[in-house]
Amino acid sequence: MRKYLAALLAFCFLPLSGCWDYKDLNKLSIVTGMAFDSAEDGKVKVTLEIVDRSSSPKKEGLRTRAVEVTGRDADEAVRKAAKGLDFELYFGAMAVAVFGKDTPYGDLRGWLLKNREVRETVYIVFAEEAGAMLHTEEDDGIAAYKLRDILDASKDAKPLELYKAGGDSHG
């Protein structure tokens with residue numbers, strides 16, 4: 001009877017081991033930033049800034065590349081991007097999400113919220129052309145992390161004073 005109880009307990013606790021969802025970084029396409037722009041016919045263009053692992057970080061530093069895809073919605077665009085890459089997309093290191101002019105913010109924000117890998121600390125940024133924010137020059141580093149650093153630094157800056165529009169006086 002003890003043998004059966006021990007076997008049953010071992011079987012029950014086996015799924016509770018710590019490595020059941022382990023992901024090897026060498027087998028992931030690490031997304032550092034994501035941008036959403038409007039495209040023709042109501043579609044959305046998604047730009048992903050992905051760490052480029054073809055170069056040596058020790059010799060050349062970390063480099064990224066931008067991957068642009070268009071789809072009916074964010075899900076379709078991300079699926080298309082994943083098909084064109086060698087490794088699974090990983091959104092856990094994403095620092096910023098940039099929304100371009102006239103993009104359906106509510107729907108795309110919902111996509112970010114339902115994706116379990118996207119951190120809650122991702123900065124939301126609005127730009128005229130979102131995808132351009134994630135394109136870097138060859139040796140220019142990681143655009144999304146630079147943008148995040150600028151936003152972090154601005155937290156300490158004195159906020160702008162707000163004035164009531166159409167008021168009698170300001171003072």
Report task. Could you grab me the full set of residues in the range 60-95 that are in contact (Cβ under 8 Å) with a residue 60 or more places away in the chain, part of a strand (DSSP E or B), within 14 Å of Ala35 (Cβ to Cβ) and under 13 Å from the mean Cα position of the chain (by Cα)? Result -> Ala66
Query - Whichever residue in the range 99-113 is of a type outside the set (A, V, I, L, M, F, W, C) and surrounded by 12 or more Cβ atoms within 10 Å (Cβ to Cβ) and, among such residues, is farthest from Phe36 (Cα to Cα) - result: Gly110
Query raised in the report: Does Ala35 satisfy the criteria of being assigned to a strand (DSSP E or B) and modelled with pLDDT of 90 or more?
Result: yes
Query - Failed criterion for Asp140 (all others in (1) at pLDDT 85 or above; (2) among the charged types (D, E, K, R); (3) within 22 Å of Asp52 (Cβ to Cβ) hold) - result: (1)
Requested in this report: Sort through Val69, Val51 and tell me the only one that's at pLDDT 90 or above and either over 18 Å from Glu117 (Cβ atoms) or not charged (D, E, K, R) (or both).
Outcome: Val69
Requested in this report: Examine the range 106-113 for a residue that is in contact (Cβ under 8 Å) with a residue 40 or more places away in the chain, touching a strand residue (DSSP E or B) at 6+ places or on another chain (Cβ under 6 Å), among the aliphatic types (A, V, I, L, M) and assigned to a strand (DSSP E or B), and state whether such a residue exists.
Outcome: no
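The values are calculated or read from the model by the stated rules, or taken from the named source; none is laboratory data. Everything numeric in this text was worked out from a predicted model, so none of it was measured. Using ideal geometry, Cβ is built from the backbone for each residue, glycine included, and neighbour counts are taken over all protein chains shown.
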